[in-house]
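What follows draws every value from the coordinates through simple rules; no lab data is involved. These numbers were taken from a predicted model, which means no experiment stands behind them. Positions of Cβ are backbone-derived with ideal geometry, glycine not excepted, and every protein chain shown enters the neighbour counts.
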Amino acid sequence: MPELQEPALSPASSSTAAEPRRPLPSPGELFLGFAQIAACGFGGVMAWSRRIIVEDRRWLTPEEFNQQLALCQILPGGNILNFSVMFGYRAGGTLGSLAALAGLIGPPTLLMILAGMLYRRFGDLPALRGMFVGLAAGAAGLLIATVAKMVGTTVKGRLRPAHLITAATFVTAGLLRWPLPWVIVAVMPVSIALAWWERR
Amino acid sequence: MSDDSDVYLALLAIFAACSLLAVGGANAVVPEMHRQTVDVHQWLSDRTFSELFALAQASPGPNVVFVALLGHYVAGAPGALLTMFAMCAPSCTIAYGMARVIDRFKEAPWRIVIEAALVPMTIGLIAASALVVARAADRSAATVAITAASFALCYWTRITPLLALALAAALGLMGVF
């Protein structure tokens, strides 16, 4: 599940395969396809979704995939969740939407309930205590690496006003622990103004 | 029983708000989830929060399923389902609405501006998430070293992050911490 989110403005990646896409999937195929994406989702759901949707099943061309993804990234909520809802709708209407979403989050949710039961029951066993401590420390490093990569793709050698936005968001949400609505109300208008000004 | 329904209602309210505020995905709202569940409601400890987060990271599925684990810890299986519903329904409803009008906005200038405005905020929020998780997880020199090693492995190599997590868990099992 650790997911390296690509920044929304990532360049369109060109695929090697130039084969035509196949007909759009039925609700049953959508459920199975997104369940497969979720099950493979170790180390990046987004990478797997591209591989399964574009390369294996060829439901979308690479260009279509990037276009749909870009829109998902400006909506609130998980990118891949939004993607499943929007792509599902496009392929099979409301039923398609529900089928894709159910495939994506249904099985992992059940797995989490199972994991939660095991953690509640065995989480305090001395033998396993160290494992959870180690796992938590490892996950922290993974998240820091994700941030570093995201920063790396935006910096590209020079500092832009947008980096002040990143810093302000980090300080208010992370160091000062403001409630998130405050952070968004305080930072978002400035960020939109800056983005608009930079684009002129 | 009324205590239970109070908790359910609180979970519903907290995660529905997180759903709408999740600029750039579930990991961006980790600081807010931590603030609400650990600081405000004190349903779980800082340490438990970081361990549940790690457990979710080590499992398959989208990042958002972390909230099911959190909900389960607070209020059992009904809590998990409720939390997951609260976290997904609002944002997915918006996505559904967008899907119905999608073509109108493909090239709209405001869309591009909003996208450019959201990216730096998302990075700041995920950085804040990393701080919250690292603060809770790194309480000794050994755990700081594990975090540093996991960072190095995930940042400079292309191996699956799962390997870093497996190594960290194995070291812990052997009693390094």
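Return the calculated 222 nm mean residue ellipticity for chain B, to the nearest 500 deg cm²/dmol, obtained by summing -39500 (n - 2.57) across DSSP H runs with n ≥ 4 and dividing by the residue count.
When only DSSP H runs of four or more count, the value is -25000 deg cm²/dmol.
Just rank B:Ser5, B:Ser140, B:Ser50, fewest to most, by other beta-carbon atoms within 10 angstrom.
The most exposed by this proxy come first: B:Ser5, B:Ser140, B:Ser50.
How many partner chain Cβ atoms sit within 10 Å of a residue's Cβ in peptide A:162-172, on average, as a whole number?
6
At R0 = 30 Å, how high is the FRET efficiency between A:Val190 and B:Asp39 if r is their beta carbon distance? Nearest 0.05 is fine.
0.70
At a threshold of 8 angstrom on Cα-Cα distance, excluding pairs fewer than six apart, so keeping six or more, what relative contact order does the range B:27-177 reach in percent?
Once normalised by length, the contact order is 26 percent.
Which far-off residues, 5 or more places away or on another chain, put their amide H under 5 Å from the one on B:Val23, with H placed in the peptide plane?
Long-range HN contacts for B:Val23: A:Gly77.
I need the peptides A:46-54, B:119-127, A:140-148 ranked by packing, meaning the mean over residues of other C-beta atoms within 10 angstrom, with the highest value on top.
Result, highest mean first: B:119-127, A:140-148, A:46-54.
Arranged from highest to lowest average of other beta-carbon atoms within 10 Å per residue, in what order do the peptides A:91-103, B:155-167 appear?
A:91-103, B:155-167
Is the shape of the protein assembly as shown best called rounded, prolate or oblate, per the rule: a/c under 1.5 gives rounded, else a/b larger than b/c gives prolate, else oblate, with a ≥ b ≥ c the square roots of the Cα gyration tensor eigenvalues?
Verdict is rounded for the protein assembly as shown.
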